[in-house]
Every structure is written in structure tokens, then in C-alpha cells.
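Only one structure is covered here, and it is reproduced in the block below.
The values are calculated or read from the model by the stated rules, or taken from the named source; none is laboratory data. None of the values given here were measured: they were computed from a predicted structure. Note that each Cβ is placed from the backbone with ideal geometry, even for glycine, and that neighbours are counted across all protein chains shown.
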């Protein structure tokens, strides 16, 4: 909500006032940090012609500048974003980072998120008049907050010819995130930590790209197996999961349902192969439409995306660096040229 410029009361209104470095001595914000919540009613945003307009912030704002920039006295300004309340249907998806425009602020409530589409630069001298409230509980949560804020502005843009390969995954799978009433939504929300797309050797090499979908699940859900000691799939499960050619024949929703019924303490071999089948079912859908151009059809090496199911403990830092997290906004249509 945008409001016209009118006088405001209390110290919070100081955020609205312009200032210059010479007006105030360096502000002491040693007790502040990134993700802190500030109670203010509105913030000034720059309009298309540079004019200031007022953006209503009934739930306050959150500091998104890095803590080192917040506490350095040589820096006179910092950035804040409004806190908004998301509907229940979006909370889990946004909390997992699938909606990069919103970053969770748990200290302000489970449905509270920083709205990164509306960011204001404000004077530290004015912020120093306010009492900060911690928006995150500990250092680990602070790191996640900082990473999510940074990712909003540094997300990798998948090549245009790769996006059509991932579109079915967005449409049939990622769209179910946040709908925990369904087995697939439950597995994506509660059990899968991240879906990442890895390119071997480099995106810079150009097509055809050797791609692998990394399905990263919580460590206690995927039984540990020593290299070369993968147990054989139970015969009945093998018959249910794969056809005679070895291709997965069950949809991801059906496998998710069976994973839930198997539980976290079910047969070790069954859980291993159900997760393997689940990953295969995700990439089985990753095909461009038959009418796609030759450039799109030939964009992926061997005409298919590989898959690997692992935990965050199993994956190396090198592979994290050469992979990119997949989210709904990542897979939006490319900009027109």
C-alpha cells in the first residue's frame, strides 16, 4: 500500500526524514544485526522519477543489510524491507526458499516474510532511535537468512533452451510444494531439502549440457550405503516401480504415497529403492514438447537428464558450486528478445 507524504508520530517516523552524513555523528548500531525487526509504520521508496513515496509497513520492517555493514560506523545507511504476512498456502514453499522474493522472518511469526520487491535505504542515525527485535533465533538461522537475501539478487539464469526441459517439473511437481495434504506435497515440503540442477562440466561450454537433477533429502530419511554395496531391490517393489525396459512406470505422486507408508523406519532396502524411483520419476517428466525446436531438443546431452538422490552430508562443496537450486521463479519463461 502506497501512502502520500504526511507527518508521522514517534521515533519510527525518523526513518522517513532525509539526512546527510554531516547532519549526525556516526550512529552506534553495535546492538543491531541483519534480520532484526524494526517497528515502523511506513518507509520511503524511490519513485520512477526519483520522488519519494510512502510504503505502508503495518508489521514493521526487517534489516537486510549484512551485519558487518550495519555495525560499521563508516557506513551511513542500511537497507530494510517490509514484513508481509503470506497466506497459509504459500508459507511452506516460501520458507523453503522456493519463492526468492520472500525471506522468512521467524521471529516475527511463522507467516512473516521480508518482501524483497520493496526495499528502502534509510539513515543509520534514524535507525539508532529504534529498538531492534531479533528476527532469527540463532547464528545458523541468520546464515540462512543472509543466503536467501543474497540469492534473490544473484540467482543463476538457466539457458533459454534448457527451461522447456524443466517446465514439466515445475508444472507437475514443484507446483505441489506447499500442499502437504497430498503425499507428493508432504514429501517435497517435509522430506526433500532441495532440488538442484548440476551441469557437468560447465554451463559456459554450451549445449549439449550434461545435466543431473540432485534430489537432496534429509539425512535420517535416506539409509546410508557404502559404495558398491547397494542392496538388490525387493522383487515385488522392482516389478511395481519399473517396466521391462527398466524405465520407471509409477508417477512421483504414487511413489511419494508409498514412501510415506513405508515411514522412516521401514525396510531399509525398500526405502532406498523408493527414493531412487522417486528421483527417476521426477526426471522422467523432464521432456520438452514434441513440437519444440531442434535447438531445444538438442540442448541436453543424450536426450535425458540424469538424477541422483543424496543427502546434504553426501554432496561435496564442489558439486554445490556447480549446481543451481530450482524454484518456481527460476523456471518462468525467458524474457522476449
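Data for the structure
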{"item": "So residue 97, is it within 18 Å of the chain's Cα centre (by Cα) and farther than 17 Å from residue 43 by Cβ", "result": "yes"}
{"item": "Matching helices (runs of 4 or more DSSP H) fully within segment 64-157 where at least 2 residues are without any contact (Cβ under 8 Å) to a residue 40 or more places away in the chain and surrounded by fewer than 17 Cβ atoms within 10 Å (Cβ to Cβ)", "result": "67-71, 139-154"}
{"item": "Candidate set from segment 255-284 (those that are in contact (Cβ under 8 Å) with a residue 24 or more places away in the chain and surrounded by fewer than 18 Cβ atoms within 10 Å (Cβ to Cβ)); member that is nearest to residue 165 (Cα to Cα)", "result": "257"}
{"item": "Residue within segment 224-239 that is loosely packed, with under 12 Cβ neighbours inside 10 Å, farther than 22 Å from residue 173 by Cβ, at pLDDT below 90 and in contact with a strand residue (DSSP E or B) (Cβ under 8 Å, 6 or more places away or on another chain) present", "result": "no"}
{"item": "Residue under evaluation residue 43, criteria (1) more than 30 Å from residue 188 (Cα to Cα); (2) surrounded by fewer than 18 Cβ atoms within 10 Å (Cβ to Cβ), criterion not met", "result": "(2)"}
{"item": "Residue within segment 175-187 that is over 16 Å from residue 326 (Cα atoms), at pLDDT 90 or above and not in a loop (DSSP other than H, G, I, E, B) present", "result": "no"}
{"item": "Residue within segment 157-165 that is under 26 Å from residue 92 (Cβ atoms) and modelled with pLDDT under 85 present", "result": "yes"}
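Yes/no per residue for (1) in contact with a helix residue (DSSP H, G or I) (Cβ under 6 Å, 6 or more places away or on another chain); (2) not assigned by TED's automatic domain parsing to the domain that holds residue 207; (3) not in a helix (DSSP H, G or I):
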| site | (1), (2), (3) |
| --- | --- |
| 236 | no, no, no |
| 239 | no, no, no |
| 271 | yes, no, no |
| 283 | no, no, no |
| 289 | no, no, yes |
| 295 | no, no, no |
| 310 | no, no, yes |
| 318 | no, no, no |
